[in-house]
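We did not get these values from a lab; they are worked out from the coordinates using the rules stated. A quick note: this is a predicted structure, and the numbers were derived from the prediction, not measured. In this analysis, Cβ positions are derived from the backbone assuming ideal geometry, glycine residues included, and neighbour counts consider all displayed protein chains.
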Amino acid sequence: MRTHDHWTPETIADQTGRTALITGANSGIGLETARVLARRGARVILAGRSRAKLDEAVRTLHAEMPAAKLETLVLDLGELASIREAATRIAASTTLDLLVNNAGVMNIPQRRTTRDGFELTFGTNHLGHFALTAQVMPALRRSPAARIVTVSAIAAKWPSGALTDLMSEQRYRPMAAYAKSKRANVVFTRELARRLAGTTITPVVIHPGAAMTNLQQHTRGPVVRALTGVMEKFLMGSPQGAAWPSLYAATSPDVRSGAFIGPAARNQTTGTPKPVTLPRGADDPAEGERLWADSERLTGVTFAR
């Protein structure tokens with residue numbers, strides 16, 4: 001796959017006629033992804049848990065772009081019933097050209113669970129998006145060239161992200177649970193690409209590098225906060241730059257099914273999007289099959305053939 005040495009969102013082609021659904025679209029990377037796609041003419045459905053925050057995001061975008069085609073969808077990825085209700089609305093009447101599985105949680109200090117009893121980080125970041133993707137598939141199949149972009153993280157490469165003890169019942173470590181969920185995003189996308197081979201749907205997984213967004217809301221302690229401030233100033237990029245891999249994956253004609261896209265800088269925190277090395281073993285079909293079976297069993301959701 002080739003990439004542009006100096007790709008920026010300014011190179012994105014006109015998106016008029018395309019419909020995008022973005023989870024976690026009221027802030028951070030999700031909001032910036034919505035902003036750029038709307039500016040290029042796409043109809044954008046902003047999905048999130050809070051109606052008030054979604055409405056505020058739409059007001060912000062409309063203040064910048066009065067003619068932007070924006071809608072909202074209340075969706076809690078930590079509740080299967082909420083996912084099912086939202087997905088049913090989309091599947092019933094929408095042609096969906098782009099699904100961006102962007103929302104996520106990170107570094108929850110104590111083990112918590114979703115309403116369905118899943119460990120919160122894995123349940124939200126992977127299982128919620130697994131269930132959503134499956135249930136909006138009819139809308140994606142209506143598109144002549146749909147894409148599914150799932151936002152992972154560089155944490156997917158950490159050894160602590162091994163896909164065992166998925167619910168962290170044996171031992172809970174906040175960042176290990178996060179790494180596990182982010183590896184699952186990659187393994188899920190690779191398996192989805194195998195299952196959708198020969199169709200017009202292109203699954204892609206990205207990592208955004210490092211940026212200060214609402215994911216850092218659970219950072220605790222004066223020392224950690226001080227270090228975070230230093231990292232923000234010297235190491236981390238902006239949400240605007242961190243949205244580039246998502247935007248590239250969503251719009252570039254060069255993207256291939258199953259690709260893992262990340263920033264080009266040596267430390268992979270910022271820079272032009274490009275294909276990056278998969279986490280070790282993430283392309284193993286056996287691991288993909290295991291995660292798929294576990295995800296279907298836990299959520300009770302299956303992908304229609």
Can you give me the long-range amide H partners of residue 100? Hydrogens built in the peptide plane at 1.01 Å from N, cutoff under 5 Å, separation of 5 or more residues or another chain.
21, 22, 23, 149
Determine, from the Cβ-Cβ distance of residue 69 and residue 162 and an R0 of 41 Å, the FRET efficiency 1/(1 + (r/R0)^6), rounded to the nearest 0.05.
0.45
At a Förster radius of 30 Å, what calculated FRET efficiency corresponds to the Cβ-Cβ distance of residue 88 and residue 194, to the nearest 0.05?
0.65
Karplus 3J(HN,Hα) series, Hz, for region 197-203 with 6.51 cos²θ - 1.76 cosθ + 1.60 (x for Gly, Pro)
4, x, 9, 9, 9, 10, x
Before rounding to the nearest 500, sum -39500 (n - 2.57) across all DSSP H runs of length at least 4 in the chain and divide by the residue total; then give [θ] at 222 nm in deg cm²/dmol.
-11500 deg cm²/dmol
Could you work out the relative contact order of region 9-297? I mean the mean sequence separation of Cα pairs under 8 Å and 6+ apart, divided by the number of residues, in percent.
17 percent
Of all DSSP beta bridges located in the chain, what percent are antiparallel, nearest 5?
15 percent
Could you work out, for region 9-297, what percent of all Cα-Cα pairs fall into each 10 Å distance bin, beginning at 0 Å and stopping at the bin that holds the largest distance?
7, 30, 39, 20, 3, 0
Estimated dipole of the chain in Debye, rounded to 20 [Cβ of Lys and Arg +1, of Asp and Glu -1, Cα centre]:
140 debye
Considering the options 109, 131, 44, tell which one lies farthest towards the positive end of the dipole of the chain, charges being +1 on Lys and Arg and -1 on Asp and Glu at the Cβ, about the Cα centre.
109
If each residue of separation counts as 0.36 nm, what is the full-extension length gain between residue 256 and residue 107 once their alpha-carbon separation is subtracted?
50.5 nm
Prolate/oblate/rounded call for region 22-174, Cα gyration tensor, a/c under 1.5 rounded
prolate
Treat region 1-81 as a sphere of radius equal to its Kirkwood radius over Cα pairs and apply Stokes-Einstein at 25 °C in a medium of 0.890 mPa s; give the translational diffusion coefficient in µm²/s, rounded to a whole number.
185 µm²/s
Gap in Å between the Cα centre of region 40-66 and the Cα centre of region 278-305?
33 Å
Only residues of region 127-163 count here: report those whose backbone N is under 15 Å from the spot 7 Å along Cα→Cβ of residue 173, or say none.
155-163
